[in-house]
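Asks: Attaching a single structure in structure tokens format; questions to follow.
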There are 2 protein chains.
Amino acid sequence: MRITVLSGGVGGARFLRGVRAWARREYPDGAGGSTAEITAIVNTGDDMWLTGLRISPDLDSIMYTLAGANDEERGWGRVGETERVSGELRAYDVGWPWFTLGDLDIGTHLARSHFLRSGIPLSEATARITARWDIGVRLLPVTDSEVETHVVVDESGTSQHFQEWWTRYRASVPALRFVQEGVESAEPAPGVLEAIADADVILIAPSNPVVSIGTILGIPGIRAALTAAKAPVVGVSPIINGAVVRGMADACLQAIGVATSADAVALHYGAKSSGGLLTAWLVDTSDAATAETISAAGIRTVVTPLWMRDVPTSSQLAADAVAAAG
Amino acid sequence: MRITVLSGGVGGARFLRGVRAWARREYPDGAGGSTAEITAIVNTGDDMWLTGLRISPDLDSIMYTLAGANDEERGWGRVGETERVSGELRAYDVGWPWFTLGDLDIGTHLARSHFLRSGIPLSEATARITARWDIGVRLLPVTDSEVETHVVVDESGTSQHFQEWWTRYRASVPALRFVQEGVESAEPAPGVLEAIADADVILIAPSNPVVSIGTILGIPGIRAALTAAKAPVVGVSPIINGAVVRGMADACLQAIGVATSADAVALHYGAKSSGGLLTAWLVDTSDAATAETISAAGIRTVVTPLWMRDVPTSSQLAADAVAAAG
């Protein structure tokens, strides 16, 4: 069985850990095949160059989480992290003082930047970097091109890199729209279109629908590949009980005129039967009232607990998602 | 009073600390002026790009030492250093496993590399980096060009970067000759020729005569500026009691056919009166027997203790060197 997952960072990482646990039959409830091949197509819109380092937050969040090297308590980065290099950069007045990189994390960025400067594309660099760990999931950046998300914050077109808007200003500056700088000439990375076309089931992780999944969908060729795919596409709502689970996705949804609700996000993705993406959509039990609207749009709706408290609950969610594919 | 010092790394750093202490009258024996301007012209032949980081060992050794941030016990690098980033690089199989960079040190390299990639030349990058500390000495890389020392190790011309030969093989592979890659098109960095022409005294630190001082002298224009300088040139022997003080300078001297002795190195530099460099040369009391040969060549010879045990002895050595200028 081939499972392809569209994913952002932290939430997507937890979901992928659940998919892997389910595929490996790590829990009694997991009834999938141990031979499942899992591929993640990962958002790279948050990526950036900072002080000569290429930073790929979503790829790294997923890798660290699947490697068991993530800081579970803090929710991001490496466990046992220190910030000695960043302290030096601040002393030299270099970089963004509000964006602190951990030392272990800098090791990853140095390795990646080294590969990229040697002419190795991001997809191959990612393969080399993840090879260090047995993560059990093939990580594909959605594109090898540098397509970075910028946030337009005023009518004259002033924009900020997504990381600045998100991390420095905590999404408090109203976003007018999101722009994918350089998207026109971008192509899906090698393997991405095949992973969509050859999948038995395609899952959309409960990631930010605008700047994570939306950025993936914005790469030319991706949306068409998804609508043409033979596999059912099952999405997991990132909205639980009418609110975002983490992060500030509501500020992003507001900018594109989509309400922060499980049904609004489903309708934003659209029904596969009507030229949209979704075959099925998982909503949390707290959002059961939204099911009717979603079903009416031609999207099979499954009401089930979505909260990924730990690996067993994430594994159960993955099982539900695969089951929803029918 | 303007003092210009030609310098390599660790030994040069200790010497410069002594020159500064003397200039600041930090010790009773120091009778110099507190208004002395000290400029160091620093070897950059050991520099290299490693994993996207521009490493300038001699500039950093001097900066750390003058900043009091060096590891006095180990003899190089930052005090309280850790190696967490390098551990990651090894895990990713990136870089040179035999060349370990400290975390604090990587902060310096990241800042420098960031400046260089922004189009800022090394001399200006060095000014920005050293501005963090009150080091009291102007550090000038001898050139802004990337001129790296390579070591030819066999007749067919096979060569290694100096760092590989020195750090990995501990100078155990016989060197046939040293090559300055890219030297043809190199120029002295801004301020270097002026620092030589305007100096009241020029000192040659007890650094490696071949790959530190020799590399400085190899940059087009430097040797001519030194022979044309109005200031006396005073050298301090890096050989004490017929042996190298630290490092493996004897392997370097052997490659260029110079004996490891205080007089052989002096004659290698040559007398200013005969078109060479030296007005005066300081030899250690243990090498007093060499004084006659050196004097006979037209170089004023001063026999005095050269061992830089601590800052006071280094300060005294600086006082002796300035006094030798006459």
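Asks: Of the residues that sit in the range A:55-73 and are within 24 Å of A:Ser118 (Cβ to Cβ) and surrounded by 22 or more Cβ atoms within 10 Å (Cβ to Cβ), which one is farthest from the chain's Cα centre (by Cα)?
Replies: Here the answer is A:Tyr64.
Asks: With respect to B:Val244, determine if the residue is of a type in the set (A, V, I, L, M, F, W, C) and at pLDDT below 95.
Replies: Values: of a type in the set (A, V, I, L, M, F, W, C): yes; at pLDDT below 95: yes.
For B:Val244, the condition - of a type in the set (A, V, I, L, M, F, W, C) and at pLDDT below 95 - is met.
Asks: Counting only residues that are touching a Pro at 6+ places or on another chain (Cβ under 8 Å) and in contact (Cβ under 8 Å) with a residue 40 or more places away in the chain, how many does the range A:141-162 have?
Replies: In the first step, residues of the range A:141-162 are kept if they are touching a Pro at 6+ places or on another chain (Cβ under 8 Å); the result is A:142-144, A:153.
Those left that are additionally in contact (Cβ under 8 Å) with a residue 40 or more places away in the chain: A:142-144.
Number satisfying all stated conditions: 3.
Asks: Taking the range B:192-209 only, how many residues are buried (at least 24 other Cβ atoms within 10 Å of the Cβ) and within 30 Å of B:Val152 (Cβ to Cβ)?
Replies: Adding up the residues that qualify gives 8.
Asks: Can you find a residue in the range A:226-233 that is more than 27 Å from A:Ile196 (Cβ to Cβ), at pLDDT 95 or above and of a type in the set (A, V, I, L, M, F, W, C)?
Replies: Within the range A:226-233 (the criterion being more than 27 Å from A:Ile196 (Cβ to Cβ), at pLDDT 95 or above and of a type in the set (A, V, I, L, M, F, W, C)), the answer is no, since none of the residues qualifies.
Asks: Which pairs do you get when a residue that is at negative phi, found in the range A:114-137, comes within reach of a residue that is surrounded by fewer than 18 Cβ atoms within 10 Å (Cβ to Cβ) and of a type outside the set (Gly, Ala, Ser), reach meaning Cβ atoms under 6 angstrom, with the pair 6+ apart or on two chains?
Replies: The qualifying pairs are A:Ser123/A:Pro190.
Asks: Being surrounded by 15 or more Cβ atoms within 10 Å (Cβ to Cβ) and in a loop (DSSP other than H, G, I, E, B) is true for just one of A:Trp76, A:Trp49. Which residue is that?
Replies: From the options A:Trp76, A:Trp49, the qualifying one is A:Trp76.
Asks: Can you find even one residue in the range B:179-189 that is touching a strand residue (DSSP E or B) at 6+ places or on another chain (Cβ under 6 Å), of a type in the set (Val, Ile, Thr), touching a residue at least 24 places away in the same chain (Cβ under 8 Å) and surrounded by fewer than 24 Cβ atoms within 10 Å (Cβ to Cβ)?
Replies: Checking the range B:179-189: at least one residue is touching a strand residue (DSSP E or B) at 6+ places or on another chain (Cβ under 6 Å), of a type in the set (Val, Ile, Thr), touching a residue at least 24 places away in the same chain (Cβ under 8 Å) and surrounded by fewer than 24 Cβ atoms within 10 Å (Cβ to Cβ).
Asks: Between residues in the range B:219-234 that are farther than 19 Å from B:Phe15 by Cβ and residues that are of a type in the set (Ser, Thr, Tyr) and not in a helix (DSSP H, G or I), which pairs lie under 8 Å by C-beta distance while being six or more apart or on different chains?
Replies: Pairs that qualify, where the first residue is farther than 19 Å from B:Phe15 by Cβ and the partner is of a type in the set (Ser, Thr, Tyr) and not in a helix (DSSP H, G or I), are B:Ile219/B:Thr143.
Asks: Is it the case that the range B:27-48 has a residue that's modelled with pLDDT under 95 and of a type in the set (A, V, I, L, M, F, W, C)?
Replies: Yes, that holds for at least one residue.
Asks: Consider B:Leu282 against the criteria (1) in a loop (DSSP other than H, G, I, E, B); (2) within 21 Å of B:Gly9 (Cα to Cα); (3) touching a residue at least 40 places away in the same chain (Cβ under 8 Å): it satisfies all of them except one. Which criterion is unmet?
Replies: It fails just one condition, (1).
Asks: Based on what the data block shows, is B:Glu26 closer than 23 Å to B:Leu306 by Cβ, more than 14 Å from every other protein chain (Cβ to nearest Cβ), under 19 Å from the mean Cα position of the chain (by Cα) and assigned to a loop (DSSP other than H, G, I, E, B)?
Replies: Numbers: closer than 23 Å to B:Leu306 by Cβ: yes; more than 14 Å from every other protein chain (Cβ to nearest Cβ): yes; under 19 Å from the mean Cα position of the chain (by Cα): no; assigned to a loop (DSSP other than H, G, I, E, B): yes.
Here the answer is no, as B:Glu26 does not meet what is asked.
The values are calculated or read from the model by the stated rules, or taken from the named source; none is laboratory data. These numbers were taken from a predicted model, which means no experiment stands behind them. Neighbour counts are summed over all protein chains in view; Cβ atoms, including those assigned to glycine, are modelled from backbone coordinates with ideal geometry.
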